[in-house]
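No value in this document is a laboratory result; all are computed from the given coordinates. What you see is a predicted model, and the numbers here were worked out from it, not measured in a lab. Glycine gets a Cβ as well: all are built from the backbone with ideal geometry, and neighbour counts include every protein chain shown.
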Amino acid sequence: MAGMGFAQSIGGTRYVFDDLKTLLARATPFRSGDALAGVAAGSAAERVAAQRALADLPLAHFLDEAVVPHEEDEVTRLILDRHDAAAFAPVRSLTVGAFRDWLLAAAPEAVTALAPGLTPEMVAAAAKIMRVADLIQVAAKCRVVTRFRNTIGLPGTLSIRLQPNHPTDDPRGVAAGVLDGLLLGAGDAVIGVNPATDNVEAVMRLLEMLDTVRDRFEIPTQSCVLSHVTTTMLAMERGAPVDLVFQSIGGTEGVNRSFGVSLSLLREAREQALALKRGTLGDNVMYFETGQGSALSADAHHGVDQQTIEARAYAVAREFSPLLVNSVVGFIGPEYLFDGKQILRAGLEDHFSGKLLGLPMGVDVCYTNHAEADQDDMDALLTCLAAAGVTYVMGVPGADDVMLAYQSTSFHDGLTARAVFGKRAAPEFEAWLTRMGIGADGERIPARLSPALIGLG
Amino acid sequence: MRQASAPTLWRDLRRFTDARVGLGRAGTAVPTAAHLDFQEAHGRARDAVWSALDMPALDAALAPLGAPVVHARSAAPDRRTYLLRPDLGRRLAGHVVLPAAPGSVAFLVADGLCATGVQRHAPAVLERLVPALPLPAGPIVVADQARVALGDEVGERIGAAAVVVLIGERPGLSATDSMGLYITWAPRLGRTDAERNCISNVRPGGLSYAEAAAKAAWLLRAAAGLGATGVALKDEMPAASLPAP
């Protein structure tokens, strides 16, 4: 499967790209992580040359040339093993450029049906020759619905992960964050806490507390403590109320190894969660987070650009029928995505790629204080994502995560996006909001949501 | 049967957490005052990222320790390059001459992602740590545009037994002056983060100067016994040996 090489002339200069991964990397719109990895195009002209060469490449070529050798990488083997030739048939004879045109013209049902026939590399390639508007429009056609205790991803809905983190996992501090989010309509995707420590007893205390809150208020949603998968497995063994199993994943075997996971470990964790039978409407029991740059950070990128590796992480995710998947797009730092412009495009690429591959794709619209970005950039990305039909975004009190020390979207931002785009919460959750008397302005907490019920006396 | 207590005001939730809860609403958005509170915190954090070490002031603050103080800089020529190229922040620029001090504990005072905290906290921690060292104190290198791993090259050139890097942590909205301490036994180019021990969140309102210095001295003694730092060296310092803050 060695590369044959690709060439393209622009303005009298002939550019040569040794293999598929080089072609993909040079064709990628500029971002700091690809420059850091030494795989970015050397000039704007070289980038366009690569994009032209990529546009002429038959999609079927992606089934013959792997960007990471299959003998070295279980993610590559998974991608090839799971490829569905029948689903691929409608676009089998197209080039990447014609595939872009096909996606822009096709009906939503046709785009959605394609998912099992696409590989991450095909999707990444199409994204590289798309503008922001294309990424939005095509993603908006994809229909992905998942269920656990409610229904996520129905057309016209926008769900919110309620993220009530606390620097010391103080149960009352977390509970106050949960109640604040519920009062602002958040929590239909999941009530999910990033624990400050991965200690199993501490994780179990948080799991019990979240389950108690859900039970006391009878909320049709699911909870999750985002500890390492092995910690969650131990908690399940000890009888903790685990709804969703969380794990950070990446697009190569090496980056997953750096996260302490493998496909077989994830398979085992999923089986364990399914056996608990806690879902009432469905059995999507996994929750994954990803993000461009993690493979370079783990020195496991094999010379592949960060957007392509990120799309490969979605092949890992879809193997396990997750309830939720989100890219944490701006968290990794400016050496991978330098500013608001790079974060905006990456967030839309990730959402597009995940949706096209059939995932319930959300985005943590976020940045750190050493990135050239601010809340205006997040507003722009959130607005574009809402237009693209993003499945869910984060809800953090006041957009300020006091545990992870980064900024994301607030509960208010979620309400604003719903209001501006006429979006609603998941139907079961929306009915609950109405039942509880949530939504009216006012300084008082509705009696049915009394803080005393969840230990906030 | 559950008995709900009387309704409580939303803003009462603030007493349970420092998170921005109970902000109220202006339509679907946050009210003006809460919006500007956030902008102020972010503005302070942004300024902290772009802050620089005041070398003369630092020299004056470090002079009473009696150790030689040497200025250096990383291979990252400016802040923007520093942010984009972590690899350059891990290597020394040019031909700075570092004094040899074999077998010593060398120090690197580094701006990291925020110079303001280090400027204030590093001299105060060193003043408490230097007298408590299990080995002779080596030189204090002060470096601009520096990452943690710059300590590996600094320590190797000095011939130090260990290097302690005092470095500015990434500013958050609630703390913009945190300092971290990274301790590496037998420093040399190519050491990984798994081979270091870290003490973080040193600042007023976080870990005190005395606690940070005591923990660093304990880790250095344990490292000298073990001949290693990092995952092999667990922080098992008894709580009772911590000085009162």
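What to note about this one:
- Residue within region A:5-14 that is of a type outside the set (Gly, Ala, Ser), surrounded by fewer than 14 Cβ atoms within 10 Å (Cβ to Cβ) and in a helix (DSSP H, G or I) present: no
- For region A:445-456, the criterion of a residue being out of contact with any Gly (no Cβ under 7 Å at 6 or more places or on another chain), over 30 Å from A:ALA196 (Cα atoms) and either more than 7 Å from chain B (Cβ to nearest Cβ) or in a strand (DSSP E or B) (or both) is satisfied by no position.
- Condition check for A:GLN51 on (1) assigned to a loop (DSSP other than H, G, I, E, B); (2) surrounded by 17 or more Cβ atoms within 10 Å (Cβ to Cβ); (3) more than 14 Å from chain B (Cβ to nearest Cβ): one failure, at (1).
- Among the candidates B:ALA19, B:ALA34, residue that is over 19 Å from B:ARG120 (Cβ atoms), within 8 Å of chain A (Cβ to nearest Cβ) and not in a loop (DSSP other than H, G, I, E, B): B:ALA34
- Region A:392-409: number of residues that are touching a residue at least 40 places away in the same chain (Cβ under 8 Å), under 20 Å from A:GLY340 (Cβ atoms) and at the interface with another protein chain (Cβ under 9 Å from one of its Cβ atoms): 5
- Cβ-Cβ distances below 7 Å connect the following pairs, each with a first residue in region A:416-430 that is more than 13 Å from chain B (Cβ to nearest Cβ), a second residue that is among the acidic types (Asp, Glu), and a separation of six or more residues or different chains: A:ARG424/A:GLU430; A:ALA425/A:ASP188; A:ALA426/A:ASP188; A:PHE429/A:ASP188.
- Just one of the listed residues (B:GLU156, B:GLU211) is crowded, with 16+ Cβ neighbours inside 10 Å, away from chain A (no Cβ under 14 Å) and over 27 Å from B:ARG85 (Cα atoms), and it is B:GLU211.
- Listed by first and then second residue, the pairs with beta-carbon distance under 6 Å, at least 6 apart or on different chains, first residue in region A:54-75 and of a type in the set (Gly, Ala, Ser), second surrounded by 21 or more Cβ atoms within 10 Å (Cβ to Cβ) and part of a helix (DSSP H, G or I), are A:ALA55/A:VAL96; A:ALA66/A:THR76.
- Qualifying residue in region A:262-278 (condition: surrounded by fewer than 17 Cβ atoms within 10 Å (Cβ to Cβ), of a type outside the set (Val, Ile, Thr), touching a residue at least 60 places away in the same chain (Cβ under 8 Å) and out of contact with any Leu (no Cβ under 7 Å at 6 or more places or on another chain)): yes
- The listed residues are A:LEU80, A:LEU24, and the only one of them that is crowded, with 19+ Cβ neighbours inside 10 Å and more than 20 Å from A:ALA133 (Cβ to Cβ) turns out to be A:LEU24.
- Residue count for region A:15-39, restricted to those that are within 14 Å of chain B (Cβ to nearest Cβ), within 24 Å of the chain's Cα centre (by Cα) and part of a loop (DSSP other than H, G, I, E, B): 2.
- Residue match in region A:173-182 (condition: touching a His at 6+ places or on another chain (Cβ under 7 Å), aliphatic (A, V, I, L, M) and surrounded by 24 or more Cβ atoms within 10 Å (Cβ to Cβ)): yes
- Residue list for region B:48-70, filter: without any contact (Cβ under 8 Å) to a residue 60 or more places away in the chain and either touching a His at 6+ places or on another chain (Cβ under 6 Å) or within 14 Å of another protein chain (Cβ to nearest Cβ) (or both): B:TRP50
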